[in-house]
1. Helix 375-390 versus the longest principal axis of the chain: what angle, 0 to 90°, nearest 10, using Cα atoms?
2. Just the accessible area for Arg260, please: 1.4 Å probe, Å², rounded to the nearest 10?
3. Taking the Cα centre of each part, how many Å lie between the range 339-418 and the range 524-551?
4. Would you give the gap between the C-alpha center of the range 486-517 and the C-alpha center of the range 263-318, rounded to a whole Å?
5. Can you put His187, His495 in order of accessible area, largest first, using a 1.4 Å probe?
6. Over the chain, calculate the relative contact order: mean separation of alpha carbon pairs under 8 Å at least 6 apart, over the residue count, as a percent.
7. When the helix-only estimate is applied to the chain (DSSP H runs of n ≥ 4, each -39,500 (n - 2.57), divided by the residue count), what is the mean residue ellipticity at 222 nm, nearest 500 deg cm²/dmol?
8. Run the numbers on the range 429-571 and let me know its relative contact order in percent, using alpha-carbon pairs under 8 Å that are six or more apart.
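The values are calculated or read from the model by the stated rules, or taken from the named source; none is laboratory data. Predicted model only: the values in this text are computed from it and were never measured. Methodologically, a virtual Cβ is constructed for each residue, glycine included, from the backbone with ideal geometry; neighbour enumeration extends over all protein chains shown. Ligands, DNA and RNA are excluded from the accessible area calculation, which covers all protein heavy atoms including side chains. Shrake-Rupley method; radii C 1.70, N 1.55, O 1.52, S 1.80 Å.
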Amino acid sequence: MAVTTMVLRSKGTLISAGVLLVTIVSVTFLLNTGSHKIDMEMSQQDTLRMKPQEHYFERNLSHYNPSEVLLPYTENTPDTVHVLWCGLKWFEFKHFLSLLSIMKVQQPSKVIIHYWDDNKVLRDRNDYNLWYSQLLDEYYNIVTRSRGPTAPDCENNTIMMENVLDILKNGGIYVNDTIVLTHHLHHLRKLPLSVGVTNKNVPVTFKTLAYLVAKKGEATSEKLQSLRGDDFSSSCAVSDSLEKTNTLPSVLPTCILIQRNIIPAKIMETKDALSQVVRLIYYGSTKVKLPDWSMDDPIPNIGHMVLLGGYEMNLLSYLSIRSMIHCVGAEAMYIYIDVEPKGQWYEKLKAEEPRAVFVYHEWPGTVFGHPISDGSHASDLMRFDLLYRFGGIYVDWDAVMLRPLGHLKGYGFVTNFDWPDWHPPYPDVINNGVSAGKKGSEFLRKSLMKFRSYNPKGDWYYMGLMMPYKLYEQYPELVKIERKLQVICYKLKCHPVFLPGYHNEKIHHLNGASFDWKEVYAFHWTQPSPPELLNMTLLQTAKGMFADVGRYVLSCDRKKTLASLVGSHQL
């Protein structure tokens, strides 16, 4: 389904109706004569050509001639964009893209979001769809305006169109909240009335209205109803059509109708034309978003673990620390305590492992003035802080490392997805129980800054799992998602996120998701700890993957690990 631009104009210079596909020319409808003329001239901006490696859209996203915007008073359609929000719904990424394209492509003097008091933007309970507040935080010229206490029937085409026309009675630009602009509409502000629709074969209705540019008094129901789509060529596209090709048209349509919601994770690395357009609007480049990598300053080969609050060290935590020293070959393993641990495994570590360094660390009482009362919140804050200040590898006490990071040390920050699908509409969340970063990592800095809005009474999942995922969506170049970094096991069932169906709790290593454990970097048992990893006698006699992993950690030798790194040129 194509989107059509309809242009009404009075006598005067013939002006292009918009940007069309390269094989299509725009057709101008002459209201004053009733005749039709084909305009073979595309505006200078439409036909700009850049360097071979730069698509015209990339150039025009941030550059246009001021004379196209700063129009004389007599020709002025107000440079204000209006968006109408109606319905009890989330402000999803597709809505965010629409507004973001207006801000970046149209660059208006002001955007007004019109709403009704009982139909304000909804937030999902897990705070994934924070796009609306993000826009209001980033752009000073987005304002909101109430149209009254009670919303009309948002599905009623007639009523909703009446609201659009009322909003534009003094002139201005209306854009549908699922329309993404790829070309600014300033050239249409010289015309009395310009209409873009999503279906040229039916009369103009609110549902088919893509955008409307009108001078004062020109946006009337009578004029809109007189338009017939057979007189016009397509100028806007639908998202489905761009998903079917990996090549951007040499000249993009004026706008794109986003037919269904999309999320950043789906467009970061995909090569279809729609993903390229979305990346340019959201990230500023059509290029695939890959994490930055350099071994000039690799992740330090040191480990960190947080054990605050007093702790009787068990066999699994002993294995965790030992795995860092011997299976990874860490120069040192720093364990942060505020009370000295107890138990035989603590005494064994002190006696046998000089690279296990127990560091006194006070409880982080506050963060940005907010009191911290939850241990998981303190641990989340400390792991970000320690990795940011010193770099290295962080491991929870219930995780064991199986091998060195190798080439992963070249990334600024390395982490992994968690397996549960417990927090919709999040497509994934991040588990930093095993993670690694360079000193001064920008991703870690941004993670720490997010604690400005820390809620001490909030769900610990948010700061630990959800917030990092939101940052990943915004800055994928700052973090490497390594799906084999850790296999997370819950209720003694392991869910490798590098295999299909990992969100399904019924799919695990005992049922349809078997894997070679020697290929992963770490195991992480979140709840409970395997019995064979809590008792040495049982570990030595038990059968199964968990026992094999535990015995492998006991067999690791630091000298042999380092020798293998030298031989493979990874040290």
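1. That helix lies at roughly 90 degrees to the long axis.
2. 110 Å²
3. 22 Å
4. So the separation of the two Cα centres works out to 21 Å.
5. Largest accessible area first, the residues go His187, His495.
6. Averaging sequence separation for qualifying contacts and normalising by length gives 13 percent for the chain.
7. That comes out to -6500 deg cm²/dmol.
8. This gives 17 percent for the range 429-571.
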